[in-house]
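J.: Structure incoming, see below.
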Amino acid sequence: MKNRIKYCIANLKMNLGTQSDIMKYFSNLNNCDISTNESVGIIISPPFTTLSQSIALSEVSKAHLEIAAQNVNDHDSGAFTGEVSVEMLKDYGIGYVIVGHSERRAYFNETNDQINKKNKNLIKNNMCPIFCVGETLEQRNNALIEKTLKNQIIKGLDKLGAKEIILAYEPVWAIGTGQTATSEIITEAHQMIRNILNDIGFDGQKISILYGGSVNRNNAKELIALADVDGFLIGGASLDANHFYDIYKFIEESV
């Protein structure tokens, strides 16, 4: 079987949203020795305000960089002030969108049904969801990990017509807390996710599953060595281009 592609994805969240900020960020990335490696996908997900500029900067970058949006509305169009549709992102040339991030679920009350609609719309338009799943600390302490992941995955991917997805396992209790899941916890969760995917008609061995949750240059080498970890969705550590590059190098060395 062909090896799964590994990914190094920067989720800049609501940071580096000015033109000068993002220009400096890409300039710093260009000073890094990022070679073109077909086995490792590098994706930058900036705020909406700098999507257009990020695309332009990525096109002249020495490295092969893809640009992702951090969110998309589940409707095609309509009276949804402030929202962005799949068609709008597609017109920009966006190929990837983060879907179901725990911050969207928690702060904006996104439901599995909304997430499912987003995934369907993206795939219908030949775009790739970066689909996030993960349990809270309360769910973990109550032995509800598998039930939570199964609920999120089954409802989020129900009746999708294609297999072009990337999954990101992000235990909510590890995001931005500095508390990283142990190798044992990550391995167990990723294997669990692959089994759930198999149960609903996907080939779990062919889908890239990333880990996200306080990933940094100090733990990335150990985590990328795990057999079921296919890269990282990186938050805080991705805001520094050099820190992000260090993590990328660990991924590249692992393939």
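The values are calculated or read from the model by the stated rules, or taken from the named source; none is laboratory data. The structure presented is a predicted model; accordingly, all values stated were derived computationally and were not measured. Cβ atoms come from the backbone with ideal geometry, glycine included; neighbour counts cover every protein chain shown.
J.: Among Arg140, Arg104, which is the only one that is modelled with pLDDT of 95 or more and over 17 Å from Leu197 (Cα atoms)?
T.: Numbers: Arg140 fails: modelled with pLDDT of 95 or more.
Checking each option against the conditions leaves just Arg104.
J.: Give all pairs with beta carbons closer than 8 Å in which a residue from the range 54-72 that is at pLDDT below 90 meets a residue that is crowded, with 21+ Cβ neighbours inside 10 Å and assigned to a helix (DSSP H, G or I); count only pairs at least 6 apart in sequence or on separate chains.
T.: Ser61/Phe26; Ser61/Leu29; Ala63/Leu29
J.: Now, a different point. Restricting to the range 118-136, name every residue that is part of a helix (DSSP H, G or I) and surrounded by fewer than 17 Cβ atoms within 10 Å (Cβ to Cβ). Spell out how you get there, then give the answer.
T.: Step one: of the range 118-136, the residues part of a helix (DSSP H, G or I) are 118-124.
Listed by number, the list holds a single entry, Lys124.
J.: I would also like to ask the following. Mind listing whichever residues of the range 9-62 are of a type in the set (A, V, I, L, M), over 21 Å from Gly176 (Cα atoms) and surrounded by fewer than 18 Cβ atoms within 10 Å (Cβ to Cβ)?
T.: Passing the criteria: Met23, Ile55, Ala56, Val60.
J.: If you don't mind, there's one more thing I want to ask. So in the range 197-210, with the set limited to residues that are touching a Gly at 6+ places or on another chain (Cβ under 8 Å) and surrounded by 21 or more Cβ atoms within 10 Å (Cβ to Cβ), which one is farthest from Asn151 (Cα to Cα)? Break it down stepwise before answering.
T.: As a first pass, look at the range 197-210 and keep what is touching a Gly at 6+ places or on another chain (Cβ under 8 Å): 197-198, 208, 210.
Narrowing the set further to residues that are surrounded by 21 or more Cβ atoms within 10 Å (Cβ to Cβ) leaves 197, 210.
Working: Leu197: 12, Leu210: 19 Å.
Within the range 197-210, the match that is farthest from Asn151 (Cα to Cα) is Leu210.
J.: Among the residues in the range 75-82, are any of a type in the set (Phe, Trp, Tyr) and crowded, with 23+ Cβ neighbours inside 10 Å?
T.: Step one: filter the range 75-82 for residues of a type in the set (Phe, Trp, Tyr), giving 80.
Filter once more, keeping what is crowded, with 23+ Cβ neighbours inside 10 Å: none.
No, there is no match, as no residue in the range 75-82 is of a type in the set (Phe, Trp, Tyr) and crowded, with 23+ Cβ neighbours inside 10 Å.
J.: For Glu146, are the conditions met, namely being acidic (Asp, Glu) and surrounded by 14 or more Cβ atoms within 10 Å (Cβ to Cβ)? Give the steps one after another, and end with the answer.
T.: Values: acidic (Asp, Glu): yes; surrounded by 14 or more Cβ atoms within 10 Å (Cβ to Cβ): yes.
Considered against the rule, which asks whether it is acidic (Asp, Glu) and surrounded by 14 or more Cβ atoms within 10 Å (Cβ to Cβ), Glu146 comes out as yes.
J.: When Ile98 is evaluated against the numbered criteria (1) out of contact with any His (no Cβ under 9 Å at 6 or more places or on another chain); (2) closer than 27 Å to Leu226 by Cα; (3) loosely packed, with under 14 Cβ neighbours inside 10 Å, which criterion, by number, is the only one it fails?
T.: All conditions pass for Ile98, except number (3).
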